[in-house]
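What follows is a single structure, written as structure tokens, with notes after it.
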Amino acid sequence: MLEDIGFTCEAAGDGAAALAMLLDDRGFDLVCSDLHMPVMNGIELVRELRSRVELEGLPVLIVSSDSDRKSIARALLAGADEYATKPLTTEALEDKLALLGM
């Protein structure tokens with residue numbers, strides 16, 4: 001969906017791989033992450049991003065099928081900027097991106 005609306009995207013197989021990509025300084029403008037990933041889950045990834053000065057301002061959108069308040073609160077308290085639930089429409093994604101100033 002992001003590519004369909006004009007973004008260039010790269011994918012990582014798990015949270016640890018995503019962190020490695022981000023630390024490789026590839027000039028990312030946004031992180032979209034699921035909560036449930038192997039090796040390092042989305043909450044752990046967000047906490048790790050927020051603990052690193054060079055990545056602390058990078059916007060993070062969590063996209064998950066978990067729609068309960070506890071999951072949403074955990075993600076936002078960990079430092080995610082926005083949370084969207086699956087299934088996600090293009091319009092809902094664009095709304096979240098607008099909230100992020102993108």
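A short reminder: the numbers here are calculations on the coordinates, not readings from a lab. Here the structure is a predicted model, which is why all the values come from computation and not from measurement. Cβ placement follows ideal geometry from the backbone for every residue including glycine, while neighbour counts extend to all protein chains displayed.
Structure notes:
- Of the residues MET40, LEU61, ALA11, the one whose Cα sits farthest toward the positive end of the charge dipole of the chain, with +1 on the Cβ of Lys and Arg and -1 on the Cβ of Asp and Glu, is MET40.
- Here the Karplus curve 6.51 cos²θ - 1.76 cosθ + 1.60, taken at θ = phi - 60°, turns the phi angles of segment 6-11 into couplings of x, 8, 9, 10, 10, 10 Hz, with x standing for Gly and Pro.
- In the chain the longest region clear of GluC sites (Glu not before Pro) that are loop-assigned by DSSP and have at most 12 other C-beta atoms within 10 Å covers 57-102.
- MRE, 222 nm, helices only [DSSP H, n ≥ 4, -39500 (n - 2.57), over the chain, to nearest 500]: -10500 deg cm²/dmol
- Computed magnitude of the charge dipole of the chain (debye, nearest 20; Cβ of K, R +1, Cβ of D, E -1): 440
- At full extension, THR8 and LEU88 could sit 26.9 nm farther apart than now, given 0.36 nm per residue minus the alpha carbon distance.
- From the coordinates shown, log10 I(q)/I(0) by the Debye sum over Cα atoms at q = 0.22, 0.25 Å⁻¹ corresponds to which of (i) -1.19, -1.40; (ii) -1.07, -1.31; (iii) -1.30, -1.64: (iii)
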